[in-house]
Amino acid sequence: MSTAKETQPAHSELGPSGASRWMNCPGSVTLSKGKPNTSSDAAKEGTAAHAVAEECLIKKLDPKSFVGKVVEGWTITQAMVPHISEYVDMVNGESAFASHVGIEERFIILEEFGIFGTADACLIQGDMLHVIDLKFGIGISVDAYKNKQGMLYAWGAYDNLKASDKKKIKTVRITISQPRKNNHSTWALPIADLELFMHEVREAAAKASSGSMECNIGEWCRWCKAKVECPAQFEAVNEMAQKTFDPVTITDKDLVRVFMIKDAVKKYIEAVDSYLYQKATSGSKFEGLKLVMGRKGNQAWEDKSESVEFLESMVGDEVFKERELKTPTQIKKLSPELEKEIDALTFRPDAKMKLVSEAEKGKEITVNAGSEAQAIFGS
Ligand code: SF4
């Protein structure tokens, strides 16, 4: 196994993790200039999990040995261990078929635009380059299919191979390992397709770094630092409000447009809310708004163990809630040998139809008026 950390900058305006945003919305780069990067607890936990996984893979350690230790400013808990282990075991398993294993290799992706990246694990398996990305979040499930961040890592890893290795590679595989979501997503593509994608990236990077103010709303707005100042978000909210409150002129087409931007608008409203709250609590006054004191929180135990000791001795077992069974997935992780028995004890509710944008994955279902839904098995 090798590591290849070099001295490139740790953060670029056109980073792989934001590729979906800046490739779709060049204006976000212009509007985000100079805004500080804030790190949430989830991000800190993720950084610590990556660091532990790296140490375990390189030094053949058990993630358990890190419990209670502070890594990258975050204390590693017992609850993190099975998830880190799942990723470490998967990479170790894949490494058995690899002629090269790189862990946390940092490389140049497109030097002319200052795009650099670090692949969590990068393996050469025959004529395939396999790039594995650990996602420690529990929010949204991340799909490997056409994943721009994964494709950029794959390109960086491929382009930085030594010539003799590069010659051998025909395919790249991108794997997203998201153990806390029980999500393991993988997708392979020929090198020629990756090269085509890199043309798109170059065009998008040139536009994004040109000071463009073209703003396009989409699911990529979720992590945008410029939400509050974004003119597209502001217009969308205005448009949505006007359409929604004018039932005489509204059409289905208008409503579809509202549907397409609803998630982005929700996030925008949350961002505006938090921005105004922070300013107000720092002393700013806004016409039409005022700060008031909310309701007190629910009563909570000051010291839980002390309370348990006292209340158990006074009231007995009744002070406890009923024991709660873990989920089938959690118990399978705990006792993998019981998988069949667990399957026999469980069921999965039927899938329900949902309305999504055309760009999302999934076979389309047609519903004939007055009859049951029929799935079209095609394309
Ligand atoms: S909020 Fe969305 S549309 Fe606005 S700049 Fe950011 S990514 Fe672009």
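Exactly one residue among 6, 45 is of a type in the set (D, E, K, R) and at pLDDT 80 or above, and that residue is 45. Here are the criteria: (1) in contact with a Leu (Cβ under 7 Å, 6 or more places away or on another chain); (2) assigned to a loop (DSSP other than H, G, I, E, B); (3) within 15 Å of residue 102 (Cβ to Cβ). Tell me which single one residue 226 does not satisfy. Of the numbered conditions (1) in contact with a Leu (Cβ under 7 Å, 6 or more places away or on another chain); (2) assigned to a loop (DSSP other than H, G, I, E, B); (3) within 15 Å of residue 102 (Cβ to Cβ), the odd one out for residue 226 is (3). Restricted to segment 15-37, and to residues there that are modelled with pLDDT of 95 or more and assigned to a loop (DSSP other than H, G, I, E, B), the residue that is nearest to the ligand (Cβ to nearest atom) is 25.
Just one of the listed residues (189, 196) is without any contact (Cβ under 8 Å) to a residue 12 or more places away in the chain and among the hydrophobic types (A, V, I, L, M, F, W, C), namely 196.
Looking across segment 342-362, the residues that are at negative phi, of a type outside the set (A, V, I, L, M) and either touching a residue at least 40 places away in the same chain (Cβ under 8 Å) or not in a helix (DSSP H, G or I) (or both) come down to 346, 347, 348, 349, 350, 352, 354, 357, 358, 360, 361.
The set of residues in segment 226-241 being within 9 Å of the ligand (Cβ to nearest atom), of a type in the set (D, E, K, R) and surrounded by fewer than 16 Cβ atoms within 10 Å (Cβ to Cβ) consists of 229 alone. If you go through segment 283-310 and keep only what is touching a Phe, Trp or Tyr at 6+ places or on another chain (Cβ under 9 Å) and among the aliphatic types (A, V, I, L, M), you end up with 291, 308. If you go through segment 202-223 and pick out every residue that is assigned to a helix (DSSP H, G or I) and under 20 Å from the mean Cα position of the chain (by Cα), you end up with 5. I'd like the residue in segment 22-48 that is without any contact (Cβ under 8 Å) to a residue 60 or more places away in the chain and surrounded by 13 or more Cβ atoms within 10 Å (Cβ to Cβ) and, out of all such residues, is farthest from residue 210 (Cα to Cα). Ranking the candidates gives 48 first. It is to be established whether one or more residues within segment 49-59 are within 16 Å of the ligand (Cβ to nearest atom), acidic (Asp, Glu) and surrounded by 17 or more Cβ atoms within 10 Å (Cβ to Cβ). Checking segment 49-59: not a single residue is within 16 Å of the ligand (Cβ to nearest atom), acidic (Asp, Glu) and surrounded by 17 or more Cβ atoms within 10 Å (Cβ to Cβ).
Take segment 201-222 and flag every residue that is within 22 Å of residue 358 (Cα to Cα) and either aromatic (Phe, Trp, Tyr) or more than 9 Å from the ligand (Cβ to nearest atom) (or both). Listed by number, the residues that qualify are 219, 220.
The values are calculated or read from the model by the stated rules, or taken from the named source; none is laboratory data. Only a predicted model underlies this, so the values are computations on that prediction, with no experimental measurement involved. Reconstructed Cβ throughout: ideal geometry from the backbone, glycine too, with neighbour counts over all protein chains shown.
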